[in-house]
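Q: Here's a structure for you.
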Amino acid sequence: MSAVVKLSNVYKSFGTNKVLDGVSFEVGRGEVAAVIGQSGSGKSTALRCINALETIDGGTIDVCGHAVHDEKLDRRSLRRDVGIVFQSYNLFPHLTAEQNIMLAPSCVKKVSKAEARDLAKDVLARVGLAEKAGHYPEQLSGGQQQRVAIARSLAMQPKLMLFDEVTSALDPQLTGEVLKVMEDLARGGMTMILVTHEMAFARKVASQVVYMHKGKVWETGPGAMLDSPRTPELASFVGSGL
Amino acid sequence: MTYQFDFSSLWAYWPEFLQGAWLTLQLSAVSTVLGFVLGTLCAIGRADGPPWVKFLVASYVEVIRNTPLLVQVFIVYFGIATLGIKVSANAAAVIALVVNVGAYTCEIVRAGLESVHKSQLEAADCLGLSKPQIYWHVIIRPAIERVYPALTSQYVLLMLASSITSQISAEELTAVANRIQSDTFRSFETYIVVGIIYLALSFVVRIGLWLFGLAVFVRKRKLGTAL
Ligand SMILES: Nc1ncnc2c1ncn2[C@@H]1O[C@H](COP(=O)(O)OP(=O)(O)OP(=O)(O)O)[C@@H](O)[C@H]1O
Ligand SMILES: [Mg+2]
């Protein structure tokens, strides 16, 4: 299995705050990695570094053949390969669900309007929202908005999808519908890294769990490691029911 | 004191009133379009330009907002003449109005640009959109939709303020009125008529901008809610 993402000894500080303190892990093609850990442990920062939203201070990050740590990185070509979904959906409020999805294919890949619309229909169907194409974000529930955001990323046919606590703003019922979409994606062979607080979901879907603590990868292993933590930190983290 | 109103002597002048009103509308329309473009570019420069651009735009806006329009009109008019460039009074009027309304537009649009959340830009960036694409699709369009009511008021004001350009004898409505009242000695009546015409023009401009807004802001038209 070739690695789609490989972090080696990544360091990142904000001022004097060492947020990533030598982080290494890799994710192979078709793998689903769940990143867990306390608030402030650096999970979001790690994800943002993978997508070059933050520049790192040391170490290397390779993503789909792009050397992300390299100053000469072509960010736009990296972003063709990587999709990211945020906790706050970030849909464009003045565009319908369909238009939100069509924007990047039209602008970036220069596909025709008709093609972009077909693509939008296709990805909306995949997230179970085919009938919401003409709705504006404010007309959709949080869960629906998040699914449109996922569809919007999928429309760019990324090789890797990043999810940063995409269900944290949702109530349990809506969380379920978003998680189902992600599970379908995983089953479809998408390579994914997800930062999540949904332990049950991580255990079930992830092929690899990365437990971060104080800016380090404290423990990593298959989903089952959550049932038998080796470190007291993970034990207390899992035990606290987060 | 009794005043005998006499509007009858003004009847003969209706083609001129109409001509003046038409020119006022034209001056305002051209100034609105150009002022909008200038103001929007300035707002972008102020939000995202290099320091010297920010400084330049800020100075421009402050100077315009803190000096009378009439003085601005004179400076443009005589300034251009001093440079030895020949332009008509109407053209000078348009330039002065554009410079003036551009500054106000800049401030209004800037508020709109600032209302677009950083996370929106990040999302667009992550989708691979280029900077100009992000500006156009993700920032400017919702920003303008948000401040459109304020812009509408500003452009109605511009139309009314264009009366000041009568001072450099641009042939707009107020200049026409000035001439008619000196011909007929019916000053009061003349300005009452002109006032009513301005009222009608304001109405026309508002309706026009409203219809334009409906055509452009599809979301607003469909949902009726503010963005
Ligand atoms: N742009 C930034 N500037 C300064 N400090 C930052 C910035 N982004 C994150 N930090 C700091 O980095 C640390 C790690 O933040 P990060 O968002 O990666 O944590 P997290 O593990 O995702 O936490 P959470 O579960 O709360 O989302 C925090 O102390 C945070 O204050
Ligand atoms: Mg986070």
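The values are calculated or read from the model by the stated rules, or taken from the named source; none is laboratory data. No experiment lies behind these values; they were computed from the predicted model shown. No Cβ is skipped: glycine too gets one built from the backbone with ideal geometry, and neighbour counts run over all protein chains shown. Note: accessible area is taken over every heavy atom of the protein model, side chains too, but ligands, DNA and RNA are not part of it. Shrake-Rupley method; radii C 1.70, N 1.55, O 1.52, S 1.80 Å.
Q: Look at segment B:184-227 and say how many of its residues are of a type outside the set (A, V, I, L, M) and touching a residue at least 24 places away in the same chain (Cβ under 8 Å). Let's see the steps before the verdict.
A: Of the residues in segment B:184-227, the ones of a type outside the set (A, V, I, L, M) are B:184-191, B:195, B:198, B:202-203, B:206, B:208, B:210, B:212-213, B:217, B:219-222, B:224-225.
With the extra rule that they be touching a residue at least 24 places away in the same chain (Cβ under 8 Å), the set shrinks to B:184, B:186, B:188-190, B:198, B:202, B:206, B:210, B:213, B:217, B:219-220.
Residues that pass the stated criteria total 13.
Q: Could you list, in sequence order, the residues of segment A:157-184 that are open to solvent by less than 10 Å² (accessible area, probe 1.4 Å), touching a strand residue (DSSP E or B) at 6+ places or on another chain (Cβ under 6 Å) and more than 16 Å from ligand 1 (Cβ to nearest atom)?
A: A:Leu160, A:Met161 - these are the residues of segment A:157-184 that are open to solvent by less than 10 Å² (accessible area, probe 1.4 Å), touching a strand residue (DSSP E or B) at 6+ places or on another chain (Cβ under 6 Å) and more than 16 Å from ligand 1 (Cβ to nearest atom).
Q: Right, something else. Here is a check on your reading of the model: is A:Gln157 polar (S, T, N, Q) and away from chain B (no Cβ under 11 Å)?
A: So A:Gln157 passes the test.
Q: Using the structure shown, decide if A:Arg76 is within 13 Å of chain B (Cβ to nearest Cβ), open to solvent by 10 Å² or more (accessible area, probe 1.4 Å) and out of contact with any helix residue (DSSP H, G or I) (no Cβ under 7 Å at 6 or more places or on another chain).
A: Numbers: within 13 Å of chain B (Cβ to nearest Cβ): yes; open to solvent by 10 Å² or more (accessible area, probe 1.4 Å): yes; out of contact with any helix residue (DSSP H, G or I) (no Cβ under 7 Å at 6 or more places or on another chain): yes.
Judged against the criteria, A:Arg76 is a match.
Q: Looking at segment B:90-103, can you tell me whether even one residue there is surrounded by fewer than 19 Cβ atoms within 10 Å (Cβ to Cβ), more than 18 Å from the chain's Cα centre (by Cα) and of a type in the set (Gly, Ala, Ser)?
A: Looking for residues that are surrounded by fewer than 19 Cβ atoms within 10 Å (Cβ to Cβ), more than 18 Å from the chain's Cα centre (by Cα) and of a type in the set (Gly, Ala, Ser), one finds none in segment B:90-103, hence no.
Q: Residues B:Tyr3, B:Tyr13: which one is outside any helix (DSSP H, G or I), open to solvent by 30 Å² or more (accessible area, probe 1.4 Å), under 26 Å from B:Ile197 (Cα atoms) and of a type in the set (Ser, Thr, Tyr)? Before you say what the answer is, go through the steps one by one.
A: Numbers: B:Tyr13 fails: outside any helix (DSSP H, G or I).
B:Tyr3 is the lone residue from the list that is outside any helix (DSSP H, G or I), open to solvent by 30 Å² or more (accessible area, probe 1.4 Å), under 26 Å from B:Ile197 (Cα atoms) and of a type in the set (Ser, Thr, Tyr).
Q: Still on this model: Inspect segment B:212-222 for any residue being farther than 20 Å from B:Ala150 by Cα and either open to solvent by 40 Å² or more (accessible area, probe 1.4 Å) or over 24 Å from the mean Cα position of the chain (by Cα) (or both) and give the result as yes or no. Full working, then the answer.
A: First, the residues of segment B:212-222 that are farther than 20 Å from B:Ala150 by Cα: B:222.
From what is left, the residues that are either open to solvent by 40 Å² or more (accessible area, probe 1.4 Å) or over 24 Å from the mean Cα position of the chain (by Cα) (or both) are B:222.
Within segment B:212-222, one or more residues are farther than 20 Å from B:Ala150 by Cα and either open to solvent by 40 Å² or more (accessible area, probe 1.4 Å) or over 24 Å from the mean Cα position of the chain (by Cα) (or both).
Q: Can you pull out the residues in segment B:161-195 that are closer than 13 Å to B:Gly20 by Cα and of a type in the set (A, V, I, L, M, F, W, C)?
A: Scanning segment B:161-195 gives B:Ala170, B:Leu173, B:Ala175, B:Val176, B:Ala177, B:Ile180, B:Val193, B:Val194.
Q: Out of the residues in segment A:14-67 that are among the β-branched types (Val, Ile, Thr) and open to solvent by 10 Å² or more (accessible area, probe 1.4 Å), state the one that is farthest from the other protein chains (Cβ to nearest Cβ).
A: Initial filter on segment A:14-67 (among the β-branched types (Val, Ile, Thr)): A:16, A:19, A:23, A:27, A:32, A:35-36, A:45, A:50, A:55-56, A:60-61, A:63.
The next check asks that each one be open to solvent by 10 Å² or more (accessible area, probe 1.4 Å); those that pass are A:16, A:19, A:45, A:55-56, A:60.
Details: A:Thr16: 24, A:Val19: 18, A:Thr45: 14, A:Thr55: 14, A:Ile56: 17, A:Thr60: 21 Å.
Only one residue fits best here, namely A:Thr16.
Q: Would you mind finding the one in B:Ala124, B:Ala111, B:Ala143, B:Ala177 that is away from every other protein chain (no Cβ under 14 Å) and open to solvent by less than 20 Å² (accessible area, probe 1.4 Å)?
A: Details: B:Ala124 fails: away from every other protein chain (no Cβ under 14 Å); B:Ala111 fails: open to solvent by less than 20 Å² (accessible area, probe 1.4 Å); B:Ala143 fails: away from every other protein chain (no Cβ under 14 Å).
The conditions single out B:Ala177.
Q: Shifting gears a bit: Which of the residues that make up segment A:197-242 are basic (Lys, Arg), outside any helix (DSSP H, G or I) and either without any contact (Cβ under 8 Å) to a residue 60 or more places away in the chain or closer than 18 Å to A:Leu162 by Cα (or both)?
A: First pass over segment A:197-242, keeping only residues basic (Lys, Arg): A:203-204, A:214, A:216, A:230.
Within this subset, residues satisfying the condition of being outside any helix (DSSP H, G or I) are A:214, A:216, A:230.
Across segment A:197-242, the qualifying residue is only A:Arg230.
Q: To continue, here is another question. Take segment A:106-153 and flag every residue that is at positive phi and within 14 Å of another protein chain (Cβ to nearest Cβ). First the steps, then the outcome.
A: First, pick out the residues of segment A:106-153 that are at positive phi: A:110, A:128.
Of everything in segment A:106-153, just one residue is at positive phi and within 14 Å of another protein chain (Cβ to nearest Cβ), namely A:Lys110.
Q: Does segment A:43-95 hold any residues that are within 16 Å of ligand 1 (Cβ to nearest atom) and basic (Lys, Arg), and which are they?
A: Hits for segment A:43-95 are A:Lys43, A:Arg48.
Q: Which residue, of A:Asp164, A:Asp171, is more than 18 Å from the chain's Cα centre (by Cα) and either farther than 22 Å from A:Val27 by Cβ or within 14 Å of chain B (Cβ to nearest Cβ) (or both)? Spell out the reasoning first.
A: Working: A:Asp164 fails: more than 18 Å from the chain's Cα centre (by Cα).
Within the list A:Asp164, A:Asp171, the selection yields A:Asp171.
Q: Could I ask something else about it? Answer yes or no: is there a residue in segment A:67-84 that is within 13 Å of ligand 2 (Cβ to nearest atom) and closer than 30 Å to B:His137 by Cβ.
A: Looking only at segment A:67-84, we keep the residues that are within 13 Å of ligand 2 (Cβ to nearest atom), and these are A:84.
Checking the rest, the ones that are also closer than 30 Å to B:His137 by Cβ come to A:84.
Among the residues of segment A:67-84, at least one is within 13 Å of ligand 2 (Cβ to nearest atom) and closer than 30 Å to B:His137 by Cβ, which makes the answer yes.
Yes or no, residue by residue, for (1) out of contact with any Gly (no Cβ under 9 Å at 6 or more places or on another chain); (2) within 16 Å of ligand 2 (Cβ to nearest atom); (3) not acidic (Asp, Glu):
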| residue | (1), (2), (3) |
| --- | --- |
| A:Gly142 | yes, no, yes |
| A:Leu170 | no, yes, yes |
| A:Met190 | no, no, yes |
| A:Thr196 | yes, yes, yes |
